[in-house]
Amino acid sequence: MTVLDNRVGTEAAEEPADPRDPLVRLGQLLDDGSMRPITPQDKSGAMAVSGRVEGVPVVAFCSDARVQGGAMGSEGCEHIVHAYDVAVRERVPIIGLWHSGGARLAEGVESLHAVGRVFAAMTKASGVVPQISVVVGAAAGGAAYGPALTDIVILSDNGRIFVTGPDVVRSVTGEDIDMASLGGPEPHSKRSGVVHVVTKTEADALLKARELACLLGHQGRVRGSVDEVDFSTLLPENPRRAYDVKPMVSGLLDEPGIELHPKWAPNIVTTLGRLGGRTVGVIANNPMRLGGCLDSASAEKAARFVRMCDAFGVPLIVLVDVPGYLPGVGQEHDGVVRRGAKLLHAFAEASVPRVTLVTRKAYGGAYIAMNSRALGATRVFAWPTAVVAVMGAVAAVRILKRRDLAAAPEEERHALEERLAEEHEKVAGGLERAVDLGVIDEVLDPAKTRGMIAKVIAQATPARGAHGNIPL
Amino acid sequence: MAEVRAEMVANVWKVLVANGDEVTDGDTLVILESMKMEIPVIAEDDGVVTIKVAEGDVVQEGDLIATID
């Protein structure tokens, strides 16, 4: 078998290598000297290799944008399908680098059939091996749906993803828009949710793909004891004050992880990283955005993340500080019931070890959705000041005791409300009650949080869900 | 000019800057109250701020809270 120099063309040839050469791109992705072709180098528009990232074996393929703009014909598609066969057989992550205008026009329906075979191979491999896509140039039509079927999509600054480009959009709808505004980093990171990670350069995009392939392909084990972090300083003193949850997520991990979808549905944070050396997925409400409420987009984002982690056996850590589902006509008509149900389904279905920590409050339906005991959490912890309830105590007594409150003289009403709220909290909202009921296992010292969570994950029976990862 | 808009329905609880103030990226302009939470509205640009709401107002999603020039 041939071993290719990863820096192909830079030293051997006199002319500088074409940066669109698949061997150049794949060479940058893989460990030096690890790349071996598994398909011929031809004019098919795609080629595939096996290799390593940080020593972890992977399969990778790349569009050849030098040939018909990387358009996908039957031969090139067969190369990609072959790459999938190898990755599934060897149970290794597969990374696709995309720069392609979609199906080859000249081949007609034959190329459509071939692209369909790629989609089928991707779907069959879904949940079996981690699939990472890096979009480094324009990826249109079939080349847009290819990445969209995979677990994680990375977009570099020059990457564009759309079903149809600006010209077709203009002729059909009359909308005048450039490629970047239609399918570049801005719309896909903030609005569409198509892309998980955006990077400033192609080299950064390949680096992120390497890190993610390592996290998913070599998960490791929790080793020895982990350092503690005193999280209590990260919560504001005022329980009503919003704060950014990201420092808390980073503090929980050995080093800052990779946040997926950081700008889309930012009211929930989904991050892959390591705790005690073992890959984990962290899901956290972010009170800084929308008060940390769950809404339709955030429920969907979290559900997909839960299902991805479950499919690959990545344990989950769920940090809960949620005031509820976001009320409003917009949300209801947006399908918050249907899309919110995805998160309930994802957690209830998950077989991977999953630890919940209520940091501050967990109210109502959102309490259930955030990996509650009832949905099968492995362990549920709470910090001492946490509140678990159907709603805030004051709001609850305003409903439950509205007659008593209405009957009280106006000047006494406020004091009565406070007293009733305090009583209500003892009966319905206090942590003690939640512990008595068994919906919270243990109240945890914030300064002993990392160790306890790491211990639970280390001791839990490893498991993974037997399902694919449909792009919810 | 950058526009700062409300992410959700909320009451304007506190306005922390005055018209014409110089603000920098990350400054808190206004604190909203919604879903029992105090939610700071943060400047995402540097410049001179014009506040378009008053304490006690109710803002709907998408309403203009401030502009930064």
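The values are calculated or read from the model by the stated rules, or taken from the named source; none is laboratory data. Just so we're clear, the structure is a prediction, and the values are computed from it rather than from any experiment. No Cβ is skipped: glycine too gets one built from the backbone with ideal geometry, and neighbour counts run over all protein chains shown. Please note that ligands, DNA and RNA were not included when accessible areas were found on the heavy atoms of the full protein model with its side chains. Shrake-Rupley method; radii C 1.70, N 1.55, O 1.52, S 1.80 Å.
Which residues, counting only those in the stretch A:113-146, are under 22 Å from A:PHE305 (Cα atoms) and either among the polar types (S, T, N, Q) or free of Cβ contacts under 8 Å to residues at least 40 places away in the same chain (or both)?
A:PHE119, A:ALA120, A:MET122, A:THR123, A:SER126, A:GLN131, A:SER133, A:TYR145
Considering only the stretch B:22-45, state which residues are loosely packed, with under 15 Cβ neighbours inside 10 Å and either of a type outside the set (Ser, Thr, Tyr) or in contact (Cβ under 8 Å) with a residue 60 or more places away in the chain (or both).
Going residue by residue through the stretch B:22-45, those that are loosely packed, with under 15 Cβ neighbours inside 10 Å are B:22, B:24-26, B:28, B:44.
Within the stretch B:22-45, B:GLU22, B:ASP25, B:GLY26, B:GLU44 meet the criteria.
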Open item on the list: With within 14 Å of chain B (Cβ to nearest Cβ), surrounded by fewer than 17 Cβ atoms within 10 Å (Cβ to Cβ) and of a type in the set (D, E, K, R) as the only criterion, which of A:ARG403, A:ARG398 stands out?
Closed with: A:ARG398
Task: Hits in the stretch A:271-289 (condition: within 29 Å of B:ALA10 (Cα to Cα) and either part of a loop (DSSP other than H, G, I, E, B) or not β-branched (Val, Ile, Thr) (or both)) - done: A:ALA284, A:ASN285, A:ASN286, A:PRO287, A:MET288, A:ARG289
Open item on the list: If A:ASP244 satisfies all but one of (1) more than 14 Å from chain B (Cβ to nearest Cβ); (2) over 17 Å from A:TRP383 (Cβ atoms), what's the number of the condition it fails?
Closed with: (1)
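Go through the stretch B:44-69 and report how many residues are more than 14 Å from chain A (Cβ to nearest Cβ) and either more than 18 Å from B:ALA2 (Cβ to Cβ) or under 12 Å from the mean Cα position of the chain (by Cα) (or both).
Residues meeting the conditions: 14.
Quick check, is A:ALA205 under 17 Å from the mean Cα position of the chain (by Cα), touching a residue at least 40 places away in the same chain (Cβ under 8 Å), more than 14 Å from chain B (Cβ to nearest Cβ) and open to solvent by less than 20 Å² (accessible area, probe 1.4 Å)? Let's see the steps before the verdict.
Details: under 17 Å from the mean Cα position of the chain (by Cα): yes; touching a residue at least 40 places away in the same chain (Cβ under 8 Å): yes; more than 14 Å from chain B (Cβ to nearest Cβ): yes; open to solvent by less than 20 Å² (accessible area, probe 1.4 Å): yes.
It is true that A:ALA205 is under 17 Å from the mean Cα position of the chain (by Cα), touching a residue at least 40 places away in the same chain (Cβ under 8 Å), more than 14 Å from chain B (Cβ to nearest Cβ) and open to solvent by less than 20 Å² (accessible area, probe 1.4 Å).
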TODO: Look at the stretch A:285-318 and say how many of its residues are within 16 Å of A:GLY365 (Cα to Cα), open to solvent by less than 10 Å² (accessible area, probe 1.4 Å) and more than 14 Å from every other protein chain (Cβ to nearest Cβ).
DONE: 4
Open item on the list: When you check A:PRO256 against the structure, is it in a loop (DSSP other than H, G, I, E, B) and in contact with a Gly (Cβ under 9 Å, 6 or more places away or on another chain), yes or no?
Closed with: yes
TODO: For A:ALA17, indicate whether it is without any contact (Cβ under 8 Å) to a residue 12 or more places away in the chain and in a loop (DSSP other than H, G, I, E, B).
DONE: yes
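Suppose the filter is in contact with a His (Cβ under 9 Å, 6 or more places away or on another chain), over 29 Å from A:GLY224 (Cα atoms) and open to solvent by less than 60 Å² (accessible area, probe 1.4 Å); does A:ALA369 pass it?
Values: in contact with a His (Cβ under 9 Å, 6 or more places away or on another chain): no; over 29 Å from A:GLY224 (Cα atoms): yes; open to solvent by less than 60 Å² (accessible area, probe 1.4 Å): yes.
Answer is no for this residue.
Take B:GLU7 and decide whether it is open to solvent by 50 Å² or more (accessible area, probe 1.4 Å), within 14 Å of chain A (Cβ to nearest Cβ) and modelled with pLDDT under 95. First the steps, then the outcome.
Details: open to solvent by 50 Å² or more (accessible area, probe 1.4 Å): yes; within 14 Å of chain A (Cβ to nearest Cβ): yes; modelled with pLDDT under 95: yes.
Yes, satisfied.
Taking the options A:GLU259, A:GLU228, name whichever one is open to solvent by 50 Å² or more (accessible area, probe 1.4 Å), within 24 Å of A:VAL456 (Cβ to Cβ) and either away from chain B (no Cβ under 14 Å) or touching a Leu at 6+ places or on another chain (Cβ under 7 Å) (or both).
Details: A:GLU259 fails: open to solvent by 50 Å² or more (accessible area, probe 1.4 Å).
Result: A:GLU228 is the single residue among A:GLU259, A:GLU228 that is open to solvent by 50 Å² or more (accessible area, probe 1.4 Å), within 24 Å of A:VAL456 (Cβ to Cβ) and either away from chain B (no Cβ under 14 Å) or touching a Leu at 6+ places or on another chain (Cβ under 7 Å) (or both).
Among the residues of the stretch A:214-224, is any of a type outside the set (Lys, Arg), open to solvent by 60 Å² or more (accessible area, probe 1.4 Å), under 30 Å from A:GLY55 (Cα atoms) and touching a Gly at 6+ places or on another chain (Cβ under 7 Å)?
Taking the stretch A:214-224 and keeping what is of a type outside the set (Lys, Arg), we get A:214-220, A:222, A:224.
Narrowing further to those that are open to solvent by 60 Å² or more (accessible area, probe 1.4 Å): A:218, A:224.
Within this subset, residues satisfying the condition of being under 30 Å from A:GLY55 (Cα atoms) are A:218, A:224.
If we keep only those that are touching a Gly at 6+ places or on another chain (Cβ under 7 Å) too, we end up with none.
No, every residue in the stretch A:214-224 fails to be of a type outside the set (Lys, Arg), open to solvent by 60 Å² or more (accessible area, probe 1.4 Å), under 30 Å from A:GLY55 (Cα atoms) and touching a Gly at 6+ places or on another chain (Cβ under 7 Å).
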